[in-house]
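Since the structure comes first, as structure tokens, the remarks are kept for the end.
The values are calculated or read from the model by the stated rules, or taken from the named source; none is laboratory data. If you're wondering where the values come from, they're calculated on a predicted model, not measured in any experiment. As a convention, Cβ positions derive from the backbone with ideal geometry for all residues, glycine included, and neighbour counts pool all protein chains shown.
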Amino acid sequence: MSEMAEKVKDYFTSSKFKREEIMDKLSEFLTVEKGGVKLYEAALKHVKDHEVKAKFHEFHKQTMRHEEILTNIIGKLGGNPAHKSAGAKIAEQKAEALLRTMNESKGLSAKEAEMNAIENIVIAETKDHADWELLGHIAHRSEDSDLSNLLKPAVSEVEGQEDEHLNWTSKKMGELALKGLEKNGKH
């Protein structure tokens, strides 16, 4: 019930947002998407499970689309998509750290490297999911109708995909980890 009350409040409570802060957040969110594209590319090199590989190809393609959407939004708002806010610089460092753990997985078996790759995607998708959720709140609460009208269709297109990215990957990571432990326990 409280979730319903929050949704109602979200849709009927308007807020003023500082343009500079919105642009900084959009810069950060775009950087997260760019990092996501690289993470999916790296993960696909380690993933052997056919179902995961197929989903990661799908999610990679969608993530490239999300990057395109944010690039267009920033441009339509008069910003520079190449600008990196302080939050974007930190997001880039986080993505690079996750990439390092995938690319420098010496000493891990192929299964362990695969699980590490999936876990890194879950970590990245957790942030990405939260970003799009925040954009939805901004879209529905903004007193700036231009901003709201720009964000609403983007959020409408992306939010369900982000739900799937996070939920499916988290569930699959748990299933594969349990399956790996069960096999190891039978030896």
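Within segment 13-40, how many residues are part of a helix (DSSP H, G or I) and loosely packed, with under 14 Cβ neighbours inside 10 Å?
Within segment 13-40, residues that are part of a helix (DSSP H, G or I) and loosely packed, with under 14 Cβ neighbours inside 10 Å number 3.
Note down all Cβ pairs under 7 Å where the first residue falls in segment 135-148 and is crowded, with 17+ Cβ neighbours inside 10 Å, the second is in a helix (DSSP H, G or I) and among the basic types (Lys, Arg), and they're at least six residues apart or on different chains.
Filtered contacts from segment 135-148: Ala139/Lys152.
Lys61 - would you say it is over 24 Å from Thr169 (Cβ atoms), modelled with pLDDT of 95 or more and surrounded by fewer than 14 Cβ atoms within 10 Å (Cβ to Cβ)?
Details: over 24 Å from Thr169 (Cβ atoms): no; modelled with pLDDT of 95 or more: yes; surrounded by fewer than 14 Cβ atoms within 10 Å (Cβ to Cβ): yes.
For Lys61, the condition - over 24 Å from Thr169 (Cβ atoms), modelled with pLDDT of 95 or more and surrounded by fewer than 14 Cβ atoms within 10 Å (Cβ to Cβ) - is not met.
Where residues in segment 65-93 are of a type in the set (D, E, K, R) and within 17 Å of Ser156 (Cα to Cα), which of them is surrounded by the most Cβ atoms within 10 Å (Cβ to Cβ)? Before you say what the answer is, go through the steps one by one.
Filtering segment 65-93 down to residues of a type in the set (D, E, K, R) leaves 65, 67-68, 76, 84, 89, 92.
Of the ones still in play, those that are also within 17 Å of Ser156 (Cα to Cα) are 65, 67-68.
Values: Arg65: 14, Glu67: 20, Glu68: 12.
Top of the filtered list is Glu67.
Among the residues of segment 50-59, is there at least one that is of a type in the set (Phe, Trp, Tyr), part of a helix (DSSP H, G or I) and free of Cβ contacts under 8 Å to residues at least 40 places away in the same chain? Write out each step before concluding.
Of the residues in segment 50-59, the ones of a type in the set (Phe, Trp, Tyr) are 56, 59.
Within this subset, residues satisfying the condition of being part of a helix (DSSP H, G or I) are 56, 59.
When the remaining residues are screened for being free of Cβ contacts under 8 Å to residues at least 40 places away in the same chain, the result is none.
For segment 50-59, residues of a type in the set (Phe, Trp, Tyr), part of a helix (DSSP H, G or I) and free of Cβ contacts under 8 Å to residues at least 40 places away in the same chain: absent.
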